[in-house]
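What follows is a single structure, written as C-alpha cells, with notes after it.
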Amino acid sequence: MATTNGSPTQLIERAKAEVAGLGRSSAESVQVVSVEGVDWSDSSLGCPKAGMMYAQVITPGYRIVLESGGRTYEFHTTQNPEGPLVSCGG
C-alpha cells in the first residue's frame, strides 16, 4: 500500500475527493490537516449510528482531518485502501 509519511495515500485521496465533491471544489484545494493511526474500539470506526449494531473488535485504521474553504472534515477508516470511509464530526 502506498503511504505518505506512514499514512495511506489512497485513503487520503478518497477523502479529499469526497470533500471536493461536497464543496464543489477541486481535490487539489483540499488541505490535509492531520492523519493518525487509530485502533478503533469496534467496527463503527468511532462513529456509531443510533440503532445499529457493530462488531466489538479492535479495528486498526486512520483518522484523517482535512480542511477546505474554512471548514474542517473528519474521516475515519480501516487500513484497507478500498474499505469504508466514514465522515465523522468536523
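Taken together, the values in this text are just the output of simple stated rules run on the coordinates, not laboratory data. None of the values given here were measured: they were computed from a predicted structure. Here Cβ is always computed from backbone atoms with ideal geometry, including for glycine, and neighbour counts include all displayed protein chains.
For the chain, the share of DSSP beta bridges that are antiparallel, to the nearest 5, is 100%.
Charges were assigned to the Cβ only: +1 to each Lys and Arg, -1 to each Asp and Glu. The resulting dipole of the chain about its Cα centre is roughly 220 debye.
Shown here are the Rg and Dmax of the Cα trace of the chain, at 13.0, 37 Å. For the chain, the longest principal axis of the Cα atoms and the long axis of helix 9-23 meet at an angle of about 70 degrees. Multiplying the residue separation of Val38 and Gln79 by 0.36 nm and removing their Cα-Cα distance gives an extension gain of 13.8 nm.
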